[in-house]
Each structure stands twice: as structure tokens, then as C-alpha cells.
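Reading through the C-alpha cells given below for one structure.
The values are calculated or read from the model by the stated rules, or taken from the named source; none is laboratory data. Given the structure is predicted, the values throughout are model-derived calculations rather than measurements. All Cβ positions, even for glycine, are placed from backbone atoms using ideal geometry, and neighbour counts span all protein chains on display.
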Amino acid sequence: MSEVRPVPLNLRNSRILPIRFEYYEPTSLDEALELLDKLGEEAKVLAGGTDLIVKMKMRALEPKHLINLKRIPNLNYIVSDSESIRIGALTTWSDLEKSDIVKNELPALYDAVKAMGSLQIRNMATLGGNICNASPAADSAPPLLVYDAKVKVVSKQGVRVIPLTEFFLGPGVTALRSNEVLTEVVIDKHNVSVGSAFVKISRVATDLAIASAAVMIKLKDGILEDVKIALGSVAPTPVRAKSLEAALVGRPAKLEEVKQYLNLLEKDIKPIDDVRGTAWYRREVSKVLVYDAFLKALNRLGGCSL
Amino acid sequence: MTAWSFLGSKTLRKDSLAKVSGALKFTNDLEVPGMLIGRIFRSPYAFADVKRINKERAERLGAVVITPDDVPQKLYNPRLVSVHEVTFKDHQVLTKRPRFVGDPIAAVAASSEELAQRALELLEVEFENIRKPILDPFEAMSPDAPPIHERIMKGDKWVEVKNNVGAELTYSEGDVDEAFKKADVVIERFFKTGRRYHMQLEPKAVLCVPHTDGSITIYTTTQTIHNTRILVSQIFDLPESKVNVVKVPIGGSFGSSIQTNVIVPIAVALCLKARKPVKIALTREEDMYDHVGFSMHFRIKAGATKEGFLIGGEFENIIDIGAHQVQPYPLLGTSLGWFVSLYKWRNIRYVGRAVYTNKVPGCAIRGYGAPEVTWAVETIVDELAEELKIDPLEFRLRNYVGKGDIFWGQGPTVRSVIKSDGVPELLKEGSELIGWSSRGRPEDKKGRFRRGIGVGRGFHTSGAGGPISGEVIDYSGAVLKVNEDGSIDYITALQDHGGGTLDAHVKIIAEALGVPPELINVVWSDTSTTPYDVCTHASRGTYVGGAAALKAAEIVKQKIFEYAVRVLGRVVNPEALKIRYDRELKQAVIYVEGNPDLKITLKELATIAWQRNWGTIAAVVTHRATSAPPSFTVWFVEVEVDTYTGKVRPVRVVAGADIGTVINKDLAEGQLHGGFAMGWGMAVAEDTPYNPTTGELLCRGFITDYKIVTAQDMPKVEDFKVLFAETYEPTGPFGAKGLGEAASNPVAAAVANAIANAIGVRFYELPITPDKILKALKERGEWFE
């Protein structure tokens, strides 16, 4: 009868943090990196806390040390120059929402911001936190993936710049080493097009995605010169739909074209059944989401090829 | 229409400022010196027995610990609403035989939440006979299924539980088999509803304070302070005079605290052992392991003649009650009551079974089975009408139970005759507003986004009163006293869930006495100072509680007139006097019609009575309603189905309500808006599935994965029309009826019928999620590729 495993509900207490841990509030990045270097695997980094604190209350994570980054100045910014857009890791979703740079230059990310959580969550949650939490459903991931974003990670040993496509390794697992902090998201403007969009389907309006998709396209004479497609909640990590992208590059920018190749998505995604939706539904609806995101992206380019 | 002084007008709710400013104290906000915090050790297994509990380590931490050996060994039912003989008892304060993940086994109390949590984790509980959970009621009823409870108590008698059926009710009228033979159309369908969680804003809490004389005071989340007192008194053998339950503001309920919450006796046991005040406040995830609603499995067979008249209805009702009975027996009766009181079946056969499973116990959820039964019946009625090629509205009008008909919504023992009925008016006006005649046929609708219009018609009773004392207890009481300055204190045990019930009472009193609402104080009372009231449930707050308040006001009025005669010397007798609100003086004036010089304000009169030692004008009443009239609601809903994703969106809503005289129009509209949101969630989103191996809720009690709809999912306010029928209920206070549950009951039905009108598919299992819709469309060969 050992097959029936006990449910750990007595360990959960969402009113308090039902575990013991040491708490740190470094006031500089160097101090934080020093701490991380010393404490290693047993430490967790706290930003907005909208994922981490929940996991601690649920006892899914029991870090011995908690390092709050929010006292570190100068990690909350959105800047744009001729080459790139750089976003500080502690930038909250509300900051993203209020940014004209995000709204005008990164429309897919802006769509994701508008679709994410409640006002309370947006006020607390940070972009860096959303990426490092590495949920397959992270709303920021598909837009950043289609913009070929890179993340800057820093440790006492130095700086690494990792393409986001190589950052997500599994649910909650990233390329981040235990002594590193993600400090910045960098988007090369050459990889950005206003012809980009994000769409998501969820059970109710304020919810995690059952599935999500972002599309970015560049056109030349009505031909798809560049296509980037990424999906969320349909694989162990947010994923790029490379098979479909490859098939679409060089094709006419017409919805009917897109439709023909949508089945290629099945090669790129590995959905599962969970409490939010079934694998079957995710597989089916992914195609619709890509189609809808494509339509929205095309419209943002003026709908010229419809 | 009568010109009222106060009824129907907009007034500031008495609790509104405290609520919006955050000043209002709910149970979990209360703190008393020396208070301990309690935590409950819950079973990690769905179906097991406790072998041994070691509490040493927890006690060494300084915690007070109770196990099943420390509490009264009594079976109880947390809900006292039925008479004793049909009250089914299987609950224990703490159990050695846990029957669902979350069943309370032990409890600790310590000086802080953190310490209590640590103590909880130091409890060592060993289990044996760990079995796989039974999560399906049909599996539970199979002969080889292990018994979840071997025997339980019914009243004072032990009864064996057979096939895990906890309670059963059968009924028949006429000859159904013969009727189906005669019928021109017979349809049989199987339905299954979701098992929803109430998601009331306030998770349950309790604070128990001991006193030196052995008495205790309880502050808790409850819809019924008196039944809480009675139950605690019964479990702990304390005289009721030693148990005082205080009414505390409640943060919504929807039936979740219709019973005495099981945390109450646990807190009492901790408090009696610790001899200190103990507070237990459930976290949200614990709250979801404390209660959910019932899920229901129906088989309905219905027959009609080609002339468009129903002639037979057969109804089988299997209720998945979970691991313990929160008195589902009356639900077996009301389910039948909703069924027979929706339409004239003429021949009826019913069997209802309340079946145990290893799930979170089900308790009443807004509508007490009516939303579920109404959804199924309104689906079948639509289908019959389609089959007979009769307009569904016309079919309903021909067959519904209305004015002059015998009505027994609350079950076979609660019968009365319908005296007010706004159904024809609401069907007509609603259908015109929504554009019923141009709703089109699903087969003609094309394209990705398809719209459909559906109707759902239903009702709820106003309480569970009746001329004869049946199996259900239903009476209320009120105390009203005129203060020395003419202002009024109103004292009632009746709880206001947040819908503004007590504001309705205030308006009724104001209307009767001409005293403005701002001069009427609603006293936060307790069981020691109020006459018995059964519970704020069954949409009875306004109709029954309001009638009690009116009864008290009428007595007070007579006494006012007797005093006024003494002052207004020339008046022959009290009958010659009248009372009204004077808009200029902003107070009540007692006067003689046609004699403008003969008058006195209530303020002056009350002061004279005080100064001259005449005594206080007051009344204590108890009130049993001899009727439980239906409040009819008619919903028209337009939806839009995205045939690519299966998502459904509400486009337009017309909510029609026949509640007699409307006492608080804006609050009544609010009930209908809220009722729609709740019904919409039931129709398209809400359920609590389980892990089949562990018996754990898949959402684990977290609202991250139990989603309810929010304002963002609702239609625009301008697309939501509310209609009130021009009716007057002669048995109600100033012609009023109830609303709370009627406001939601037919919503899921209307939504399901609208989806059918949009895409031509009927769904027999709730919730109608996007994947079900997409699957159905794909099976029909429709797919966007």
C-alpha cells in the first residue's frame, strides 16, 4: 500500500513563511555577489517575490538564505540607444507597462505585460524574476525569445552574456549558476520589428497561460524576410518554433501561407496535461495562437499583405 | 405603485464606510490578551486509519495539543437545519479514521502562528490501512467498494451505511411509465456538474474565549450564531446559557458557513484544554480543504405531448457529498423541489442518493442544488421545444409552475401556494430586449466567432417556511426598542453575508415607523441577547427576517400610539393615530388625519415617556413564515464562441427578477451582477478535480489554480440590463420576496443554451471548458485549418 503517498498539506501555511532562513538585504551588487559566492546553492535571490515567496509557502523551496536584491540601486531601468534596448532586472511589470519604449518598440512584450497577472502582481513582479523563475508559462519569455534577447549575468568571477534561447533548460531550471545574478536584458535593435505580437489563452482573464505565442516578422516586398515564433506553456521551457520559422522564411506574408505550415508546430512543442489544460488542447490551440499573433503582427505593419 | 418613503430609494449602506476604509473587523482581525493561535493537523491520506499519535515533541515546544482522545467522543452533523430525526451524524471533532485529505486529526495551539506551525510539524502521526481513495460516487456505490463509513447516526439511532449511500430520498406521483408511453416525445439525458469551491472572500476563522465561570464566548465566521451555539452546547455538554456566540461581520459566504464550521469545536476543545483564548484562522488552501460545494450526477427523462405539454418527468440524482455529511439529506429534498416546481411534469418519479467519496465534504453553495437542477431541466426543456418545433419561450409559458399553483421548492414537506408571479412579464420584456426572435439557428451561423442567445428560467424560495411544521426548521426573531430620543435599536441574530440584508430590514422598519434609516441602529448582537434565528440561508433574510422586523415594528407602533394618546389628549383611541416620515423635520411624526394641529414627533414623545417614567417602548418577537414564495428570475444571455479556441465570452445579458417590492434597488442589481459572475464561472470554468492516487486537490487549495471569473471576464456594464417585475407578494414584508440565490440559479442554464444556439452543440457536463467545445467542433469536422 506504499503506493499512496502522503500529501504534505500540513507543511504549507500561506499566512507565514513556514520555514527558517537567514535574510539579507545587500545595498550593492558587489555585496550581493559576495554573499552569493559564499552561500552558493543554499541561497535564493529575491526580487518581486511573486513566485519565490509562493514556492516557499508551498514548501516547494526551502532556501537556507534569502538575498533580497530590491535595495540595490540602479537595476531598474529601461533605456534605448541606436543599437539596443536594455532593461534592468529589477524593472517591475508596472514599469514596463508605463514605458513608451516598450509600448512603441517592443509591442509583443507590451502585449505580454498587459496580459500578465493583476495590478498587484504587476506592481511587485520584476522582469528578471519572471525570467529566472523559468516557468514554461512565463509571459515575458515568448516576446523576448522572438526578439532574440540576451541576458547579462554577473558573478564575482565576471560577466556572461547568454542568449535567452540557451538560458531556459527546464521547468524552473536555467543556465544561471548559483553564484550569478541576472542583471540586465539586452535586445539588439536589429532583431526587433514593430511587426510583432503576443497572444495568450487562459482560463479566466487574470490567470497563467494555458498556452501563449509570440511572433515577430520582417517583410520585404511582401515576402517574409525574417520570422521568429516562440511559445509558452507547451513544453518544459518556453520554446522557439524553429521548424515553422524555417518553413515560413521567404514565403509570401499571407495568412493562408501561414496556415498551411502550422502543423509543423507539433515538431517544436511537447505539451502536457495539467490542471490548466490538456496536452491535446494545447497542441490544437498553439496553432491558433500563432495564427492570431501573426495576424496581429501583420496588422501592426499596416496589414499590407492581407 | 405605492409611494414609499424609503423602500426602493438609494441609501448609504450602514457598513459601507467601515468596509471601504478597512476599519471593519472580521474574526481574524480580533485579538484578545493571552490569545493562542491554533493550527490543525490534517490527514495527508484520503482513506486511512490513525495507528498512533505522539505529541511529546510538540508539547515540549510549549504547545497545547489535542488528539481524538482529548475531545468528546460524539458523532455530530455540523448543520442543524433538519429536525433531529433526520439529522445524519458522522463528523467527529477530531478523527482517528480520516476519510479525505484534510480531515482534522489533531490540533495545536501556541503563542504565535510560527510556533504553532512548528508544533504542528513536530506531531508524529502513524497511519495504517492506507487505501486508495474512492473519488467517484458510482464506484463508491459498487458492491465491492470498501465502506467509507460503516455506521453513522440518524438522530439518536445507529444506522448501517450500505454501498456508501449516506442518505436517500424517493418520491413518486402519478404513473411515469404510462406517461412516457403516451408522450409524443421522450428525451433522456445524463448530466454531471462540477464541484465548485465557494471562494468567499473571507477564509473561515474562529476565536474562542473562556471565562472564569466555565462559560465561553465564540466569535466566528458563520451564517448562524444560534445553531453554532446549540451545536457547541451539544458536543461539549455545556448549557446553552454558558455558550455565547457573537455575530461578527462575515466576508461573504455563499453557503460556505451555513453549517457550524468544523474549526469551531476544535477551537473550543483547544480553549477548554488551554484555559486560554484560542484563535484558528484558516489559510486559503486549508479553507478549500474545509469545504466545497456538492457535485451532482443526474439522469433526467422527460416526456411531452405534441400539443406542447409535459406529461412525465423522471429524475435520478446522485450527489457526490464527499467524506462527511454536511446534511445533504434536505438537498435530496430540495433537488426534487426545484425539479417539480420548475415545470408541471404531471407524473413524477424521483430517487436521490447522497453518496460518500474520499473528497472534501460538500456543503451548500448558493442555490442549494437549484443552479444544477435548473441547468439540466432548462437544457431538456429547450431540447423538447426544439423537437416539438415550439418556441422555447412559449413551451415554458405553457408548462411552468406559476400563480395559483402549489409550490414546494424546499422539498416535499414545505408546501404553499404561489401568489405573485412575474414570469410572463419578464419573459416578454427580456426577450424583446435581447432580440430573441432574431437569434437565428445554429446551422445558419458561420465564421470563426459565432453568437448565440439562450434563456434560463428559474426561481428560488424565500426561506423554508410553510403552514405545517415539516422536516426543516425555519423561524426568526427580532428585538426593537425606541430609545429615549426616539432613535431606534434593532437587534437580530440574523447575519448579513454582505448582500445588505440588514439594510433591507432597516428600510422595512423605517417604512413602518417613519423613522429615517440613519436613526436606526443595527446592534451587533449575540446569542445571549437575541431570539432564535435558524440561519441566513435559503434567500430568507429579507422575506423572513424582514417580516420579523416588521412584526416588531408593528407592535412598537401600537405602543407609540398608546403613549401618543396620552399626550394628544383629545384623540379617542390609538386607532385614530397614524405615523409618517416628515421630510422637513427629518423624523417620524404621529398625527391625526385631517387635524393638522394634532401631532407630535416621535422624538418628543420618547422624551416625554422617559421623563414621566412611562417605560421603554420595545418589542420582542419570534416569527415563523407560513409560506416560502418563489422569487422568479429569467435570464437572457448572448454569448460569442470563438470556434478556433473554444473560448466563450458573454456579450449581452438581460437579468429579469421578480422579487416583489424592491427594497434596495442598487443592492438588488448588485446581487444580479454577482449572480451572473458566479453562474458564468459555474458554466465555463469551475471545478475541483483530484489526483486519483493521493486524493489531493489538483489545485492543492491554491487559488492560482482554482480560478473564478473577475470583472475583466464580465460583459460591459452597459450591456448588462436588469429588469424588475412589477409584482407584490401579499405574504411578504411590504410585498417583498428574497433574491440571493434566485439571482444566480438559472445563469448556467442560460449560458449553456446560448452556447447551443451559437454552435448547435449541447454539453451535459459542466464546466463547458474551451477544450470540450473545441473537441465537439472538431468531431463535427470543423477546424480552422
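Within segment A:30-60, work out how many residues are small (Gly, Ala, Ser) and within 14 Å of another protein chain (Cβ to nearest Cβ).
1
Under the condition of being part of a helix (DSSP H, G or I) and β-branched (Val, Ile, Thr), which residue from segment B:215-259 is farthest from residue B:530 (Cα to Cα)?
Step by step, filter segment B:215-259, then rank; the result is B:235.
Report, ordered by the first and then the second residue, all pairs with beta carbons closer than 7 Å, sequence separation of six or more or different chains, a first member in segment A:253-267 that is assigned by TED's automatic domain parsing to the domain that holds residue A:288 and touching a residue at least 24 places away in the same chain (Cβ under 8 Å), and a second member that is in a helix (DSSP H, G or I) and surrounded by fewer than 18 Cβ atoms within 10 Å (Cβ to Cβ).
Correct list of pairs: A:255/A:295; A:267/A:243.
Are any residues in segment B:606-654 over 30 Å from residue B:342 (Cβ atoms), in a strand (DSSP E or B) and within 14 Å of chain A (Cβ to nearest Cβ), and if so, which ones?
Answer for segment B:606-654, where residues must be over 30 Å from residue B:342 (Cβ atoms), in a strand (DSSP E or B) and within 14 Å of chain A (Cβ to nearest Cβ): just B:642.
Answer yes if at least one residue in segment B:493-502 is touching a residue at least 12 places away in the same chain (Cβ under 8 Å), more than 30 Å from residue B:343 (Cα to Cα) and assigned to a helix (DSSP H, G or I), and no otherwise.
yes
Given the criterion of a type outside the set (Phe, Trp, Tyr), touching a residue at least 24 places away in the same chain (Cβ under 8 Å) and under 30 Å from residue B:64 (Cβ atoms), identify the matching residue among B:331, B:336, B:270.
B:270
Which residues, counting only those in segment B:41-94, are of a type in the set (D, E, K, R), touching a Lys or Arg at 6+ places or on another chain (Cβ under 7 Å) and assigned to a helix (DSSP H, G or I)?
B:70
Of these, B:82, B:16, which one is within 29 Å of the chain's Cα centre (by Cα), over 23 Å from residue B:273 (Cα atoms) and exposed (fewer than 15 other Cβ atoms within 10 Å of the Cβ)?
B:16
With the structure loaded, tell me whether residue B:762 is at positive phi, assigned to a loop (DSSP other than H, G, I, E, B), assigned by TED's automatic domain parsing to the domain that holds residue B:439 and surrounded by fewer than 24 Cβ atoms within 10 Å (Cβ to Cβ) or whether it fails that test.
Against the criterion (at positive phi, assigned to a loop (DSSP other than H, G, I, E, B), assigned by TED's automatic domain parsing to the domain that holds residue B:439 and surrounded by fewer than 24 Cβ atoms within 10 Å (Cβ to Cβ)), residue B:762 does not qualify.
In this structure, does residue A:121 turn out to be surrounded by fewer than 19 Cβ atoms within 10 Å (Cβ to Cβ) and either outside the structural domain of residue A:154 (by TED's automatic domain parsing) or without any contact (Cβ under 8 Å) to a residue 24 or more places away in the chain (or both)?
Against the criterion (surrounded by fewer than 19 Cβ atoms within 10 Å (Cβ to Cβ) and either outside the structural domain of residue A:154 (by TED's automatic domain parsing) or without any contact (Cβ under 8 Å) to a residue 24 or more places away in the chain (or both)), residue A:121 does not qualify.
Suppose we filter B:373, B:401, B:377 for residues that are among the β-branched types (Val, Ile, Thr), farther than 30 Å from residue B:46 by Cα, buried (at least 24 other Cβ atoms within 10 Å of the Cβ) and modelled with pLDDT of 95 or more; which single one remains?
Result of the check over B:373, B:401, B:377: B:377.
For segment A:57-101, enumerate the residues that are modelled with pLDDT of 95 or more, in a helix (DSSP H, G or I) and buried (at least 20 other Cβ atoms within 10 Å of the Cβ).
Across segment A:57-101, the qualifying residues are A:93, A:95, A:96.
Considering only segment A:280-301, state which residues are more than 10 Å from chain B (Cβ to nearest Cβ) and either assigned to a helix (DSSP H, G or I) or crowded, with 20+ Cβ neighbours inside 10 Å (or both).
Residues satisfying the conditions are A:283, A:286, A:290, A:293, A:294, A:295, A:296, A:297, A:298, A:299, A:300.
Name, by its number, the condition in (1) within 14 Å of chain B (Cβ to nearest Cβ); (2) more than 18 Å from the chain's Cα centre (by Cα); (3) β-branched (Val, Ile, Thr) that does not hold for residue A:223.
(1)
From the list B:83, B:20, exactly one residue is more than 14 Å from chain A (Cβ to nearest Cβ), over 24 Å from residue A:16 (Cβ atoms), touching an Asp or Glu at 6+ places or on another chain (Cβ under 8 Å) and among the β-branched types (Val, Ile, Thr). Which is it?
Result: B:83 is the single residue among B:83, B:20 that is more than 14 Å from chain A (Cβ to nearest Cβ), over 24 Å from residue A:16 (Cβ atoms), touching an Asp or Glu at 6+ places or on another chain (Cβ under 8 Å) and among the β-branched types (Val, Ile, Thr).
Restricting to segment B:212-247, and then to whatever is under 20 Å from the mean Cα position of the chain (by Cα) and of a type in the set (A, V, I, L, M, F, W, C), can you tell me which residue is nearest to residue B:281 (Cα to Cα)?
Selected residue: B:225.
For residue A:50, are the conditions met, namely being farther than 25 Å from residue B:113 by Cα and β-branched (Val, Ile, Thr)?
No.
Restricting attention to segment B:692-710, which residues are of a type outside the set (Val, Ile, Thr) and at the interface with chain A (Cβ under 7 Å from one of its Cβ atoms)?
Scanning segment B:692-710 gives B:696, B:698, B:699, B:705, B:707.
Rundown of residues vs (1) part of a helix (DSSP H, G or I); (2) out of contact with any Pro (no Cβ under 6 Å at 6 or more places or on another chain), yes/no style:
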| position | (1), (2) |
| --- | --- |
| B:552 | yes, yes |
| B:555 | yes, yes |
| B:561 | yes, no |
| B:566 | yes, yes |
| B:584 | no, yes |
| B:604 | yes, yes |
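Tally the residues that are within 34 Å of the chain's Cα centre (by Cα) and within 15 Å of residue A:210 (Cβ to Cβ), restricting the search to segment B:765-780.
Count: 7.
Taking the residues in segment A:1-29 that are under 18 Å from residue A:47 (Cβ atoms) and surrounded by 14 or more Cβ atoms within 10 Å (Cβ to Cβ) as candidates, determine which candidate is farthest from the other protein chains (Cβ to nearest Cβ).
A:29
Using the structure shown, decide if residue B:121 is surrounded by fewer than 23 Cβ atoms within 10 Å (Cβ to Cβ) and without any contact (Cβ under 8 Å) to a residue 12 or more places away in the chain.
yes
Answer with yes or no whether residue B:738 is assigned to a loop (DSSP other than H, G, I, E, B), surrounded by 22 or more Cβ atoms within 10 Å (Cβ to Cβ) and away from chain A (no Cβ under 14 Å).
Taking the combined requirement at face value, the residue satisfies it.
Given the options B:658, B:713, name the one that is within 14 Å of chain A (Cβ to nearest Cβ) and farther than 30 Å from residue B:133 by Cβ.
Checking each option against the conditions leaves just B:713.
List pairs: first in segment B:607-636 and over 25 Å from residue B:728 (Cβ atoms), second among the polar types (S, T, N, Q) and surrounded by 15 or more Cβ atoms within 10 Å (Cβ to Cβ), Cβ under 6 Å, 6+ apart or cross-chain?
Qualifying pairs under 6 Å: none.
May I ask you to say which residue of A:205, A:141, A:214 is in contact with a Pro (Cβ under 8 Å, 6 or more places away or on another chain) and assigned by TED's automatic domain parsing to the domain that holds residue A:244?
From the options A:205, A:141, A:214, the qualifying one is A:214.
Can you find even one residue in segment A:250-258 that is surrounded by 20 or more Cβ atoms within 10 Å (Cβ to Cβ), within 14 Å of chain B (Cβ to nearest Cβ), modelled with pLDDT of 95 or more and out of contact with any Asp or Glu (no Cβ under 6 Å at 6 or more places or on another chain)?
No: zero hits.
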